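No value in this document is a laboratory result; all are computed from the given coordinates. None of these values were measured; they are calculated from a predicted model. Virtual Cβ from ideal backbone geometry, glycine too; neighbours counted across all protein chains shown.
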Amino acid sequence: MIRGGPLRWRQEYVDYDNVLAEFEERLGYRFKDQSYLKTALIHKSYANEQLRDPAACNERQEFLGDAVLDLVMADYLFRSYAQLPEGELSRIRSELVSAKALAKVARQLNLGPCLQLGRGERRSGGQDKDNLLADALEAVFGAVFLDAGWDVARAVLGRLFEATAVRVAQRKSLDYKTRFQELAQARFGVAPVYELVAAEGPDHQREYTVVVSCDGKTLGHGRGGSKKAAQQQAACEALVALNTENDEP
């Protein structure tokens, strides 16, 4: 970890601190100790070539950030998709934390131009390589955790990944809302109605409760870390309820 003292940043940046400030704006988090962020952006090629210090690279923070990301995603999926078995949760998490998925998030944050790369890595287009972007993003997550702790890290990562998590779940045939709407239209001739009945907890750890009804009859309740996730769980419970009715003699 590099703390204090001058750092030799890339010469093409007239004001690297301004570059970092703009990145923090996109990330949605302002570091109290910016040395954590600076270290997260140092690739080993730059540490070896420019700093002459292999230990100054981002690999240790990447190691930490990888663990933080895994736990945040596991926690989010566990709370948001209570109806899913372990195998489904693991498959969704694996897709969310893959190098391809992380590189996509890194590009959305325009992380590439912020990276400190050695000359050879820079010439070969390192700032747009999936593996370098994914590793650096994990190092940034480690930096957030070191700077602010678990609650803030979970909030930052949650904002970045929630929409993707919902899309992945739907793509894996877990879109219970669509399935329930089709069944409700066929059974009752009306669309289901979702009502938010509670929103509890602090902003960074909000939990929502939703009920779904058809033709005035409540059929399901759902809880989740987002309104969409709570609606999905409510729809799942409603599907189970209707199927149980069909099974009764």
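Results, tabulated for the structure shown:
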| read-out | value |
| --- | --- |
| As computed over segment 16-173, the Cα convex hull volume per residue (Å³) | 103 Å³ |
| Rounded to 5, percent antiparallel among DSSP beta bridges of the chain | 95 percent |
| Cross-link pairs Lys104/Lys228; Lys129/Lys177; Lys38/Lys129; Lys32/Lys104; Lys44/Lys227; Lys38/Lys228 - those with Cα-Cα distance over 30 Å | Lys129/Lys177; Lys44/Lys227; Lys38/Lys228 |
| Förster-model FRET efficiency, 25 Å R0, Ser94 and Glu207, C-beta, rounded to 0.05 | 0.50 |
| Amide proton proximity set for Leu219, modelled H, under 5 Å, gap of 5+ | Val212, Ser213, Cys214 |
| Reciprocal of mean inverse Cα separation for segment 117-249 (Kirkwood radius, Å) | 17.7 Å |
| Other-chain or far-sequence residues with amide H under 5 Å of Gly224's (modelled H) | Tyr208, Ala230 |
| 10 Å binning of all Cα-Cα separations within segment 193-245, expressed as whole percents from 0 upward | 29, 48, 18, 4 |
